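Encoded as structure tokens, the structure appears first; notes follow it.
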Amino acid sequence: MGKLKGFVEFERSEEGLIPVRKRIKNYKEFTIKPSEDKLKKQSGRCMDCGVPFCHSGCPLGNLIPDFNDAVYHNEWEKALSILHSTNNFPEFTGRLCPAPCEAACVLGIINPPVSIEMIEKYIVERGFKEGWIKPNIPKKRSNKKIAVIGSGPAGLAAAQQLNKAGHNVEVFERDKKIGGLLRYGIPDFKMEKHVIDRRINILKKEGIKFKTNIDVGENYSIKELKKFDAIVLCTGATIKRSLPIKGSDLNGIKQAMDFLKLQNQVVDKLKKTSSILNAKGKNVIVIGGGDTGSDCIGTSNRQGAKSVTNFEIMPKPSKSRSEENPWPFWPFKLKTTSSHDEGIHREWSILTKEFVGDKDGNVTGLKTIEVEWIKKEGERPQLKEIEGSEKLWPCDLVLLALGFTGHEKSLVGQLKVLTDDRGQITTKNYQSNIPNIFSAGDMRRGQSLIVWAISEGREAAVQVDKFLTGYSNLETKEKGDLPNVR
């Protein structure tokens, strides 16, 4: 523990932000680094908890009190070593994780929790700046070859851990660049892509081979794939949920991930912008109130949208925890992101009934109705439409941020891997019905968080290593009944 009464003496502090009017002019990250003194004081707020619930709140089991103590005592390289012992990519989670660890922070019962995510980010950034993060090249190689399909956070974590164990790892990615959701789903204003490239360069030097523009089962044969000693499927949950109502085929109704991916490719100079997938001068309605919807809001404002409105079918959350949602579980309370602060009109408890278009087939509006959720004891809440609350909303672009229903079935079908009634790969200890085929991340557990994907990749790597050698020295984390955030 850093400072005995630090949690009493110091208040919670967070990163500063570049003002809205400046940051929406580009797609760069807009956080302002806090001073080293502020980071030290924030680390000093970490309490001498009898049971550090932040450990169980974090899907990776990060040793949070330990790296906080190291930062407080100005032992930054030690802090980095502690952080890397459980987390392969803290530069990703330090920017993108919703921080379930903070929700489980004991201090959070009576005061704002420790700014754990911020501390994590600046530990790893200090590590890159000082040159402490170097390739960890195995001293000895096995004769085992492993194929990792998909280069998102689960695939990258599995690949690095298996390479660390001395196996020969090849990562296959169907897009032009490595990163999966990290590269093509996360806007640059939340994480610039040189952050990914910096880490990939480390992984390459460690000996991992990356093959892009490879769609396994399409332009790479299953026969060739089966020559590997083990296969780890990490292709994510990429089937987008649609909204099958009248008018859904009108021009101007687009999936959020198509919209976000193109903009990321434009920023990366891989493609040119498209007027169809651009919000400039348009009245935009984003359907879906999660993080993807928030990313669409921030992107629309940067593209110069005339207006941006956000629909959410669920009721407006309270600003604090309810009795049904106690600490240390994830708090289902009102979340206002930096994108919301940039300009948005939000509507809750609203259901889209129909899309309206003109004679040329272009969307011109949405018909909605307000709803309420009726809950009877012992039953799931039921949706009830409120009579007389119908409304027509004019719009030129609709972005569907409704989540994903699962993974694409082609590759799984060709490999004859079994799935459950939710369409997710059936596994035991990450191993499928075919002994040398494993799976991790959203493909296995369903749509979830980046921090869960990294955790899944690490845990799957342990099981693959055991399968190939009979034992494993790779780090693992025994998961109990952890708070699950989806």
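Using per-residue counts of other Cβ atoms within 10 Å, averaged over each peptide, order 35-46, 134-145 from highest down.
For the peptides 35-46, 134-145, the packing ranking is 35-46, 134-145.
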For Cα pairs less than 8 Å apart in space and 6+ apart in sequence, what is the mean separation divided by the residue count of the chain, i.e. the relative contact order in percent?
17 percent
When His340, His345 are ranked with the fewest other C-beta atoms within 10 Å first, the list becomes His345, His340
In the chain, which Cys residues have no partner Cys with a Cβ closer than 4.7 Å?
Cys46, Cys49, Cys97, Cys105, Cys234, Cys296, Cys395
Amide H to amide H under 5 Å from Arg346: which residues, 5+ apart in sequence or cross-chain, H placed 1.01 Å off N in plane?
Asn310
So how do His407, His84 line up by other beta-carbon neighbours within 10 Å, fewest first?
His84, His407
Is the chain rounded, prolate or oblate when judged by the Cα gyration tensor, a ≥ b ≥ c being the square roots of its eigenvalues, rounded requiring a/c under 1.5 and prolate requiring a/b larger than b/c?
oblate
Enter the Cα centre distance for the pair the stretch 67-85 and the stretch 195-273, rounded to the nearest angstrom.
34 Å
Take peptides 348-361, 377-390 and line them up by average Cβ neighbours within 10 Å, highest first, as a rough protection proxy.
348-361, 377-390
Along the Cα-to-Cβ line of Lys335, 7 Å from the Cα, sits a label point; which residues in the stretch 377-420 have backbone N less than 17 Å from it?
401-404
Please sort 113-124, 18-29, 459-470 by packing, taking for each peptide the average over its residues of neighbouring beta carbons within 10 angstrom, highest first.
113-124, 459-470, 18-29
Can you give the relative contact order of the stretch 6-130 as a percent, counting alpha carbon pairs under 8 Å and 6+ residues apart?
28 percent
Please give the calculated 222 nm ellipticity per residue for the chain, where each DSSP H segment of at least 4 residues contributes -39500 (n - 2.57) and the sum is spread over every residue; nearest 500 deg cm²/dmol?
-9000 deg cm²/dmol
With the cut-off at 1.5 for a/c, could you classify the stretch 191-256 from its C-alpha gyration tensor as rounded, prolate or oblate?
oblate
Return the sequence-ordered ³J(HN,Hα) values of the stretch 76-85 in whole Hz as given by the Karplus equation 6.51 cos²θ - 1.76 cosθ + 1.60 applied to θ = phi - 60°, using x for Gly and Pro.
5, 5, 5, 4, 5, 4, 5, 5, 5, 5
Would you mind calculating the relative contact order of the stretch 242-402 from Cα pairs under 8 angstrom and at least 6 residues apart, reporting the percent as a whole number?
30 percent
If a/c stays under 1.5 just call it rounded; otherwise compare a/b with b/c (prolate if a/b is bigger, oblate if not). Do that for the stretch 242-402, with a ≥ b ≥ c from the square roots of the Cα gyration tensor eigenvalues.
oblate
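Just so you know, all these numbers are worked out from the coordinates, no wet-lab data involved. Here the structure is a predicted model, which is why all the values come from computation and not from measurement. Methodologically, a virtual Cβ is constructed for each residue, glycine included, from the backbone with ideal geometry; neighbour enumeration extends over all protein chains shown.
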